[in-house]
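The values are calculated or read from the model by the stated rules, or taken from the named source; none is laboratory data. All values derive from a computational prediction rather than experimental measurement. Every residue, glycine among them, receives a Cβ derived from its backbone with ideal geometry; neighbour counts consider all protein chains shown.
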Amino acid sequence: MNPLVELNLALILFLPWFTILAVLFWKFPRAPRGWQRTLFDSTSLLLAMAAAAAGMYWSMENADPTFGHMWQQVLATSVSYGLFLLVVTVALIVRWRWLRGFSSSTTAPANGATGALS
């Protein structure tokens, strides 16, 4: 096997799944969508991908070779996937709290009315 492919095999195998998760993260919820949200989502996905790649390279270097060459790939895949999910989950929680605060401040009545008919 090509050494470059072997080193990046975990990332190559999970790239379709990472893409599906990234599209879902990007698309939902649909509103509000401004430049701040686009910047936050882009940064979050880049951090998730960087963490997955760093975890993959770290585990390839630190896997115990006495258990065979396949163990490096198994560990790299597990660590890479776990780190990607960790970053995306933290980003989801932060974004949810941020959007919840944003939506409650924009839905408050502007004139101080309580909603009752005057």
- Boolean, Met60 is in a helix (DSSP H, G or I), more than 15 Å from Thr89 (Cα to Cα) and not hydroxyl-bearing (Ser, Thr, Tyr): yes
- Note on the structure: Filtering the range 63-84 down to residues that are surrounded by 15 or more Cβ atoms within 10 Å (Cβ to Cβ) and in a loop (DSSP other than H, G, I, E, B) yields Ala63
- Task: Test Leu46 against the stated conditions and say whether it is closer than 18 Å to Val87 by Cα, assigned to a helix (DSSP H, G or I) and not small (Gly, Ala, Ser).
- Result: yes
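Any chance the range 96-106 includes a residue that's out of contact with any Ser or Thr (no Cβ under 7 Å at 6 or more places or on another chain), at pLDDT below 85 and outside any helix (DSSP H, G or I)?
The answer is no; no qualifying residue exists.
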- Query: From Ala31, Ala51, which residue is assigned to a helix (DSSP H, G or I) and among the small types (Gly, Ala, Ser)?
  - Reply: Ala51
- Those residues of the range 1-54 which are loosely packed, with under 14 Cβ neighbours inside 10 Å and either over 30 Å from Leu75 (Cα atoms) or touching a Lys or Arg at 6+ places or on another chain (Cβ under 7 Å) (or both) amount to Lys27, Phe28, Pro29, Arg30, Ala31, Pro32, Arg33, Gly34, Trp35, Gln36, Thr38, Leu39
